[in-house]
Each structure stands twice: as C-alpha cells, then as structure tokens.
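*Asks:* Let me give you the structure first, and then I'll get to my questions.
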Amino acid sequence: MRAFDSSLPIDAVLADLTESLRARPNAVLVAPPGAGKTTRVPLVLLDEPWVQGKKLILLEPRRLAARAAADRMARTLGEAVGETVGLRVRLGSKISCKTRIEVVTEGVFARMILDDPSLEGVAAVLFDEFHERSLDADLGLALALDAQGGLREDLRLLVMSATLDGARVAGLLGGSPVIESEGRAYPVETLYLGRDPNRRIDEQVADAVTRALRAETGSVLVFLPGQGEIRRVETLLRERVTDPAIDIAPLYGALERGEQDLAVSPAKPGRRKVVLATSIAETSLTIEGVRVVIDSGLARVPVFEPDIGLTRLETVRVSRAAADQRRGRAGRTEPGVCYRLWEEAATGALEAFARPEVLSADLAPLLLDCAAWGVTDPASLAFLDKPPKPAVKEARALLQQLQALDDEGRITETGRRLRDLPLPPRLGRMVLIAGESGQARDAADLAAVLVERGLGGDVVDLSERVERFRRDRSKRAEDMRRMAEGWAKAAASSANGEKHSSGALLTLAYPDRLAKARGKPGEYLMANGRGAALEPHDRLAKEPYLAIAEISGGAASARVLAAAPIAPDEIEAFLGDKIEQRQEVTFDRQARALRARAVRRYGAIALNERPLRVPETEEAARALATGLVSLGIDGLPFSKALAQWRERVMFLRKAEGEEWPDLSDEALVATAEEWFAPHLVGKAGINDIGADLLSEALRSLLPWNLQRRLDAEAPTHFEVPTGSEIPVDYGSEEGPVLAVRVQELFGLDKHPTIAAGRVPLVLHLLSPAHRPIQITRDLPGFWRGSWAAVRADMRGQYPKHPWPEDPLTAPPTRRAKPRGT
DNA sequence: CTCTCCCT
C-alpha cells in the first residue's frame, strides 16, 4: 500500500477498507473529524486493481471543502490541482487528461450522472461528509445505486461519514460492511450555563461572552441562529467590551466576502477575536486561535410548506450531532472549552441528528431530476428517507403547471430545457419564456439577485436590486453576471418583442404571488389567498399591484422581502387567460345589506368590479338571511308583541317539551336559511325588512295546530280578580312573572297558573306605588302567613289604601279607599 | 424568535 510521510488515525483501517472493496462493491466508513479520511482514502484506493485506469470521484458538500480536499491531496503527491487530482465545481474546473481523482461538489455529481447514467470511465464514487444529508447527496446516492443495479454492477460506492448511524446506510447499500476509525482532536471541557426562559437569548449570550473573555484565554467563536441575533449581540458587546485589544466580527452567508474573510482570518498578534457566527462556521472552516466556543443551541432551518408552495424559516434546537460539531471547533489546534446555553440534562432531549434536507425541502428540482432519470415516482428509488408525499405532490403540481412534466409525470421538452438551466424551476421558466420575447437577459439578472442572497442589496424593490447588481464591481457580482449571461444565452431566441417590466417577468415565475393593495398602506392580498405586508413607508407601499417573489414569516405576519410593481395592462397581458369574470353577491356587515358586483378575479384577487342590482334569487336571499343573523338575532326588527310571542313559545318548549320549536338565538342562526330566507327573495338589506315581515317569517315556524294551544297555555295576559288584564313577562329567568298590586288579588284563594295548570306564575306583589313587596309562588300561603306583617308595615305608608285583616273576603280593587269610609 | 445554509 502507498506510504505516507506522517501517520493519521485512519491508517489503522485502510487495509480493512481495501480488502472489503475488493470483495464487494459497497462499503460504509465512519470516521470522526481529524481521522484523515478525506485526503487518504482516495489516494489509497487509486492503487487498487479494480480501478484499472478508471477514475475515482470524491463528493464534497461545499465548494470550499472540495477545493481544500483537492489541494491537500495534490500537495501529498507533490503536484498542483489539475494533474492527478482534479476539481470540478460550478464556477470553474481544473481537470486534465492526467486526472484520476475528480473532487466535485454534490450538485455537480447529480448533473454528471444525469447526463451519463453509466458513469463511463468511473470506477468508484466516494460520498464524503454524508452525515450532512444534503438533498444532492441523497439524490446522488439514490441514482448511483440505481445505475449500479442495472448498467454498472462493477461500480463501487463508498459512503464516508463523521457521525452517521452506519447501520441504516449500510442497509441501503445492500448490507455492506461498516468500517470504523478513531478520530483525532484535542480535549474540550464542556460547561453548561443553563437558559433563563424569561430573558432574551441575545443578553444571555452576551453575558456568556463577557464571562468567557474574563475567565479564558484565546479567541471566542459564538454560534447564534441568525443575522438578527448576531446584530443584537454585536450591539450589546460593543457597549460592554471596553478592552481595545478585542475585535468583534460577525460571520454569516449574506455578508460581503471581505467581511467574511475578516471574520475567518486569525486574530492579529496580541489581539483576541470574538466571532459571532451562524451555523456557517459549524464545519469545514477553521478559525485559527479559537479555543472557546459559546453555543446558543439554536439554528434557523428552512421548512417547505407544500400547502402554499413556500419555504419559511424556523428557529429550532440544534441536534446533538451539530452541538458536538460546534463544540469540536474549540479543540482544532489546542485543548479548549465550550459554554453551552442549556442545562446538561436537556442534552438528552436533543434530536440525535439534524433533519435530512429531503424531509423538509422544496422537492421540485428533485422531482424534475428524477423525471429526467426516467422515474416518475421518487419513492421507487433507494432513498435513506423517502421524500414526503405532500411535498412530492406539490412539486408535481408545480412542474405540471410549468409544463415541465406531462399528466403522467414524465418530463416534457420544456422540462428538459428547464433542467439545462441551473436554476430553480420557477426561475428557469421565467428566463425561458422571457427569452421568447427577447428579454432573457433582464430575466436572468432578476433570477441572479433572487438566487444569490445579498446581491444588489436588500431593498424590497427588485428593479432597484437589479440596477445595483449591474453596477456592482465585486468578484461575486462579476461571477454572477457571467453566469446570468450563460442562462440568458441558453434561453435566448432571435425574437424581439415588447419590453416588459420586472414585475411582469416575475409573474412568469410566481403567478400565485401577484398581490393587490388592501385598505391600509403597505398591506396586500396575494392571489394564493394569503396576506403580505410592506413597511408603510417603503416606496413600493403606494403601488396598487405588486409581483412578489419572496416573503417571510408565518401566516399572520408575512413580510414582503422582494417584489416589483406591475401595471394593470401587464397583468392582463401575462395572466389574462387565468382571469375569471364572476357575478358575486356578498353581505356587507357594515351596511347590513347585500352587495352584488360583476368581478374580474385572478385567484383570490378582485382585479376590478362594478356594482349590480341585487338579484332576486333564492341564493341571494340565503346570503342575506345568514348574513343578517350572523350579526345577532337582537339586531332584527322585533316588535314588542313578537318578542313576547317568541318568549312564550320558548317557555312552552321548556315546560312541555320539544314539540314546540326551538327559537333560541343559536337555533335561529343555525336555521336561518329555512325560516328566514324564503321571505327575503328580492330584498337587499335590513332597510327592506319590517317588523311584519319578521313576524311572518318567525310565526311560520309554529305549526298551526300549536297556535291555539299557545294562546291557551301561554296567554299574553292574565286576568286578575279586578278584571285587569296584566301582561305576563315570559322573558324572566325565574319563570313567567306576573307583577301586580296586591289589592287587585283580594279574594283569590288559588295561586294563578298557566300551561294547563302545570306552571305557577311567579307573583311579584307590588305596593300601591308599584314598589315590590314580596315574591311568591304560593298565594294562599302568603295570605295566611306574611300578609299580617306586610299589612302592619304598609298600613302606615299607604293609609288611603285598603289593608283588610282578611284579604280573602275583601273586594279586589285598583283604587284607594273611597273617601269617607 | 423580524431570513439559515449550500449547490447545478
């Protein structure tokens, strides 16, 4: 076997590995960071008999990692990259006829195997850092296994991983052996600082940083979930850290290249650094001099929501594997220390590994690649985790809408052209169709600022971002301009059409996100039915229509991140075939009336409308009925008599049972279409509805055979001994109430009842001045009992009224005693 | 808890 100058932990297992791969085509190698697998394994395998003049392909998840691996291997051989060891990444390749090991990024490999499924001239594919479980790595492995199953039984596949549970992937590889290696790292002491849920994470992190700067030597690397937290911690630290020998450097993806380099470079002699980073610093890059890691334990991850076809960000607890990876950054060059912002006991509750990308990503690109491979259902390929069905369904629907797939899910000619463009399918379609009218370059520049975060600044207005991008002289902008030029060339036709706005072009990619201004400034409604908002002072906030490309946040607080204005005539030109003309009748709660309109509608958006007369249909009547009752039964024009009638019926329902109709608020709301709507045909609103109409509608609920019983058993009035007809109050909680001056009841020896004698009236006995004296359900008992005391009390107060000793024999009266008696 | 990371 090939000899190396220095020894690495991986050397101990290299013999096992080569022996295994001679015997069977697939193997899994589990080796922690520092083992040396990336640089040693490909060089050792190169001398194996089964390679025989063929090539090895090594997959790396990032360009940075690919370049570093190629560099290190070439240096081991005393060569430059591009000789025995080559490199193939999106921007630029270094390959020659001498090249035997190609180091490629995972995305490049997916493209290679799709273009050449038999992988001609390739002896083995080595998947490095497979534990990161990127979509491209999962897809690449699935396709390679498929190729191995049919076209290339001799192809060798080696999956290398730092923290994977090896058994699962070995199963996927047909029960291949798992070879394990030791790693090499310096010890890192772990301190658990805990987390106070009542304080902001930013402040607790800042506290931990100041504490670490006092207690430890060396530079500090802080892991935070995102840009917002990084900026807030930075502000806190600039206030608190007064030592001029300490530099604070943020580090995240959208940052300018120069600032990133500043953060990654070692601290200057005699100085210390505090690097505030996202998970960008978790793998691959090493910052010299870091011996303290502070881990917030949080990460921001994308979550695709199939229902709305949108990717949203979520802040989550990191996995145990990621937390260990973060801690390991403190022990790269010397022993270190890691402060964790959670309780030690909480570590066990963390997920073991991060969610593989395939489980939460937008699967449209994957589905298109599968279709290009000839597979309409990705579940038929060997994925370690099956692509989830809802996301597959959404991806298929989108690709069919873009005409990239046919009804059976097979790739179309348009689909092939889309796949040739290295863009997400929506943006690819925009560039292709714009190309048909000679605007490929405008569309490509738009796609560029959408694909590359931070390019052209972060103003919402995409036209402005494109202008800035075109003037930008940075390396990144130059690279992207060259790429955009390539996309445009692939899509261009000789046609020279009318020039359209950025907004119009964007509807080619995001037809479902056309938005119309709502009442309040900055608030919009999108065609997909969801709301989105701009800052009210944003220049775009005055626009009546926006073509939105990106939004953030949950359903309640979606914010517009990237958009361009679009004119009504462009909406007609670009989306005209999907605009529907409809007659709509809606209930206006404010006016308590129906409004009928002829509406031209695109999805959830009403583009324009004109008022119509309310149609005299049953459907309109139903809408009015349910609309009016939804505002409350009390709001209907009840006469006093009708209100009492309703209470009487309800009283009998309670007293006698459900043969009596239910007239409660809930029941009337629920059945409005039956009792109310038939009376509302031809009516437009509350002003057309009088007490008589309501009475007729409600009284129709009472069957005719019950109407006579109603009068008999729940009379509107009760006749007392004086002959007075006193109204009964059926609305009272305590039961039907008869409020009557006590003198009018003289002579009555039985308690008054209703409901065929079953229900006693609640008697409110009143003084001559209509003040309440007593409440009783037993009048004879009252005469016998309390009357004497009442009489004694009242006689003084009302001397002119009769207070006889025996009320049963006294004549009832409405008046005071006749003068002189 | 107001946009993570990477790639064709």
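Bear in mind that the values in this text are calculations on the coordinates, not laboratory data. Computed from a predicted structure; not experimentally measured. Cβ atoms come from the backbone with ideal geometry, glycine included; neighbour counts cover every protein chain shown.
*Asks:* Counting other Cβ atoms within 10 Å, which GluC sites (Glu not before Pro) in the range A:668-734 have at most 13 and lie in a DSSP loop?
*Replies:* Numbers: sites: A:Glu673, A:Glu674, A:Glu696, A:Glu713, A:Glu719, A:Glu725, A:Glu733, A:Glu734; in loops: A:Glu733, A:Glu734.
Here the GluC sites (Glu not before Pro) that fit, given the DSSP loop and packing criteria, are A:Glu733, A:Glu734.
*Asks:* Roughly how many debye, to the nearest 20, is the charge dipole of the range A:422-572 about its Cα centre, given +1 on each Lys and Arg Cβ, -1 on each Asp and Glu Cβ, and no other charges? Don't skip to the end; give the middle numbers.
*Replies:* Working: 23 positive and 22 negative charges, 75 e Å.
Once rounded to the nearest 20, the dipole reads 360 debye.
*Asks:* Oh, and also: What is the helix-to-structure angle for A:106-115, meaning the angle in degrees between its Cα long axis and the longest Cα principal axis of chain A, kept from 0 to 90 and rounded to the nearest 10?
*Replies:* 80 degrees
*Asks:* Also: Over what distance in Å are the Cα centres of the range A:665-740 and the range A:598-624 separated?
*Replies:* So the separation of the two Cα centres works out to 34 Å.
*Asks:* Show me, bin by bin at 10 Å from 0, the whole-percent P(r) of the range A:26-101 based on Cα pairs.
*Replies:* 18, 54, 27, 1
*Asks:* How do A:Lys640, A:Lys578 rank when sorted from fewest to most other Cβ atoms within 10 Å of their own Cβ? Mind dumping the intermediate values first?
*Replies:* Values: A:Lys640 9, A:Lys578 12.
Sorted ascending by nearby Cβ count, the order is A:Lys640, A:Lys578.
*Asks:* Return the whole-Å distance between the Cα centroid of the range A:252-283 and the Cα centroid of the range A:424-470.
*Replies:* Between the Cα centre of the range A:252-283 and that of the range A:424-470, the gap is 30 Å.
*Asks:* Let me have the 222 nm mean residue ellipticity of chain A computed from DSSP H runs of 4+ only, each contributing -39500 (n - 2.57), with the sum over all residues rounded to the nearest 500.
*Replies:* Details: 27 runs with 286 residues, N = 821.
After summing the helix terms and dividing by the residues of chain A, the value is -10500 deg cm²/dmol.
*Asks:* Could you tell me which of rounded, prolate or oblate describes the range A:630-712, using a ≥ b ≥ c as the square roots of the eigenvalues of the alpha-carbon gyration tensor, with rounded for a/c under 1.5 and, failing that, prolate when a/b is larger than b/c and oblate otherwise? Let's see the in-between values first.
*Replies:* Numbers: a/c = 1.86, a/b = 1.73, b/c = 1.07.
It comes out prolate by the Cα gyration axes.
*Asks:* On to the next question. Once amide H atoms are placed 1.01 Å from N in the peptide plane, what residues at a sequence separation of 5 or more from A:Leu766, or on another chain, have their amide H within under 5 Å of its amide H?
*Replies:* A:Val740, A:Arg741, A:Val742, A:Ile773
*Asks:* How far is the Cα center of the range A:555-597 from the Cα center of the range A:232-247, in Å?
*Replies:* Computed from Cα coordinates, the inter-centre distance equals 50 Å.
*Asks:* Can you check what the net charge comes to around A:Ser360, using other residues whose Cβ is under 12 Å from the Cβ of A:Ser360 (Lys, Arg +1; Asp, Glu -1)?
*Replies:* Numbers: positive: A:Arg133, A:Arg312, A:Arg355; negative: A:Glu305, A:Glu314, A:Glu357, A:Asp362, A:Asp385.
With Lys, Arg at +1 and Asp, Glu at -1, the net is -2.
*Asks:* Same structure again: When a/c reaches 1.5 or more, the comparison of a/b and b/c decides; with that in mind, is the range A:9-180 rounded, prolate or oblate per its Cα gyration tensor?
*Replies:* rounded
*Asks:* As I understand it, the dipole of chain A uses +1 on the Cβ of Lys and Arg and -1 on the Cβ of Asp and Glu, about the Cα centre. Which of A:Ala208, A:Ala755, A:Tyr798 lies farthest toward its positive end?
*Replies:* A:Tyr798
*Asks:* At q = 0.11, 0.19, 0.23 Å⁻¹, what base-10 log of I(q)/I(0) does the Debye formula yield for the range A:719-797 when every alpha carbon is treated as an equal point scatterer in vacuo?
*Replies:* -0.27, -0.82, -1.20
*Asks:* Gain in length, A:Ser118 to A:Glu408, computed as 0.36 nm per residue apart minus the alpha-carbon separation, to one decimal in nm?
*Replies:* Working: separation 290, 0.36 × 290 = 104.40 nm, distance 2.57 nm.
Full extension from A:Ser118 to A:Glu408 adds 101.8 nm.
*Asks:* If I take R0 = 22 Å and measure r between the Cβ atoms of A:Thr286 and A:Thr190 in this structure, what FRET efficiency does the formula 1/(1 + (r/R0)^6) give, to the nearest 0.05? Working shown, then result.
*Replies:* Details: r = 20 Å, r/R0 = 0.90.
Once rounded, the FRET efficiency stands at 0.65.
*Asks:* Let me ask something else. Rounded to the nearest 20 Debye, what is the dipole magnitude of chain A about its Cα centre when Lys and Arg each give +1 and Asp and Glu each give -1 at the C-beta?
*Replies:* Dipole about the Cα centre, nearest 20: 1780 debye.
*Asks:* What is the list of residues in the range A:48-80 whose amide nitrogen lies under 13 Å from a point 7 angstrom out from the Cα of A:Arg22, following Cα to Cβ?
*Replies:* What the label zone holds, given the 13 Å backbone N cut-off, is A:48-51.
*Asks:* Moving on. So what J values fall out for the range A:121-131 if you push phi through Karplus, 6.51 cos²θ - 1.76 cosθ + 1.60 with θ = phi - 60°, rounded to Hz, Gly and Pro as x?
*Replies:* Those phi angles translate into x, 10, 8, 8, 10, 10, 8, 8, 6, 5, 4 Hz.
*Asks:* Now for a different question. Length gain on complete extension for the stretch A:Arg300 to A:Asp793, per 0.36 nm per residue less the alpha carbon to alpha carbon distance?
*Replies:* Values: separation 493, 0.36 × 493 = 177.48 nm, distance 8.05 nm.
Gain on extension, A:Arg300 to A:Asp793, equals 169.4 nm.
*Asks:* How much length is gained on full extension from A:Arg539 to A:Arg214, taking 0.36 nm per residue of separation minus their Cα-Cα distance? Numbers along the way, then the final one.
*Replies:* Values: separation 325, 0.36 × 325 = 117.00 nm, distance 4.70 nm.
Length difference between fully extended and current span is 112.3 nm.
*Asks:* Cα gyration tensor of the range A:530-603, axes a ≥ b ≥ c as square roots of the eigenvalues: rounded (a/c below 1.5), prolate (a/b > b/c) or oblate? Each step should come with its number before you reach the end.
*Replies:* Working: a/c = 2.21, a/b = 1.35, b/c = 1.64.
Note, shape of the range A:530-603 comes out oblate.
*Asks:* Which whole-Hz ³J(HN,Hα) couplings does the range A:356-361 yield from phi under the Karplus relation 6.51 cos²θ - 1.76 cosθ + 1.60, θ = phi - 60°, glycine and proline marked x?
*Replies:* Taking θ as phi minus 60°, the curve returns x, 4, 4, 7, 9, 9 Hz for the range A:356-361.
*Asks:* Roughly what % antiparallel, to the nearest 5, for the DSSP beta bridges in chain A?
*Replies:* Numbers: 53 of 110 bridges.
Around 50 percent antiparallel, to the nearest 5.
*Asks:* Give the residues of the range A:502-542 whose amide nitrogen is closer than 18 Å to a point set 7 Å from the Cα of A:Ser437 in the direction of its Cβ.
*Replies:* Within reach of a label on A:Ser437: A:502-515.
*Asks:* Right, here's the next one. Compute the distribution of all C-alpha to C-alpha distances in the range A:188-355, in bins of 5 Å from 0, and list the percent of pairs in each, rounded to whole numbers.
*Replies:* Here the calculated profile for the range A:188-355 is 1, 8, 18, 22, 22, 15, 7, 4, 1, 1, 0.
*Asks:* Another one. Nearest-5 percent of antiparallel DSSP beta bridges in the range A:719-797?
*Replies:* 60 percent
*Asks:* Expressed in whole Å with the largest first, what are the equivalent ellipsoid semi-axes of chain A derived from the C-alpha gyration tensor as the square root of 5 times each eigenvalue? Walk me through the intermediate numbers first.
*Replies:* On the way: eigenvalues 1260, 255, 145 Å².
Those come to 79, 36, 27 Å.
*Asks:* On to the next question. Mind ordering A:234-245, A:497-508, A:340-351 by average Cβ neighbours within 10 Å, highest first? Show your work: numbers first, answer last.
*Replies:* Values: A:234-245: 12.3, A:497-508: 19.9, A:340-351: 14.3.
Top to bottom by mean Cβ count within 10 Å: A:497-508, A:340-351, A:234-245.
*Asks:* Based on the Cβ-Cβ distance from A:Ala604 to A:Ser380, what FRET efficiency comes out when R0 is 30 Å, to the nearest 0.05?
*Replies:* Details: r = 36 Å, r/R0 = 1.22.
For R0 = 30 Å, the calculated efficiency reads 0.25.
*Asks:* I would also like to ask the following. Under a crude label model (7 Å from the Cα following the beta-carbon direction), how far is A:Asp243 from A:Leu808 in nanometres?
*Replies:* Result for the modelled spin labels: 10.4 nm.
*Asks:* While we're here: Let's test the formula: R0 of 30 Å, r as the Cβ-Cβ distance of A:Arg471 and A:Ser93. What FRET efficiency results, to the nearest 0.05? Please list the in-between numbers first.
*Replies:* Numbers: r = 29 Å, r/R0 = 0.98.
Rounded to the nearest 0.05, the efficiency is 0.55.
*Asks:* Can you put A:Asp662, A:Asp202 in order of Cβ neighbours within 10 angstrom, beginning with the fewest? Display every interim value, and only then the final one.
*Replies:* Working: A:Asp662 14, A:Asp202 20.
The fewest-first ordering by Cβ neighbours comes to A:Asp662, A:Asp202.
*Asks:* Something else about it: Within the range A:1-105, list the trypsin sites (Lys or Arg not before Pro) lying in a DSSP loop whose Cβ has at most 14 other Cβ atoms in a 10 Å radius. Mind dumping the intermediate values first?
*Replies:* Numbers: sites: A:Arg2, A:Arg22, A:Lys37, A:Arg40, A:Lys54, A:Lys55, A:Arg62, A:Arg63, A:Arg67, A:Arg72, A:Arg75, A:Arg88, A:Arg90, A:Lys94, A:Lys98, A:Arg100; in loops: A:Arg2, A:Lys54, A:Arg62, A:Arg90, A:Lys98, A:Arg100.
Here the sparse-neighbourhood loop sites are A:Arg2, A:Arg90, A:Lys98.
*Asks:* Where both partners of a DSSP beta bridge lie in the range A:188-355, what percent of those bridges are antiparallel, to the nearest 5? Could the numbers behind the result be given before it?
*Replies:* Working: 8 of 32 bridges.
Percent antiparallel among DSSP bridges in the range A:188-355 is about 25.
*Asks:* What percent of all Cα-Cα pairs in the range A:330-393 falls into each 10 Å bin, going from 0 up to the bin containing the maximum distance?
*Replies:* 17, 32, 17, 18, 16, 1
*Asks:* If you don't mind, there's one more thing I want to ask. Using only Cα atoms, tell me the angle between helix A:462-471 and the longest principal axis of chain A; keep it within 0 to 90° and round to the nearest 10.
*Replies:* 20 degrees
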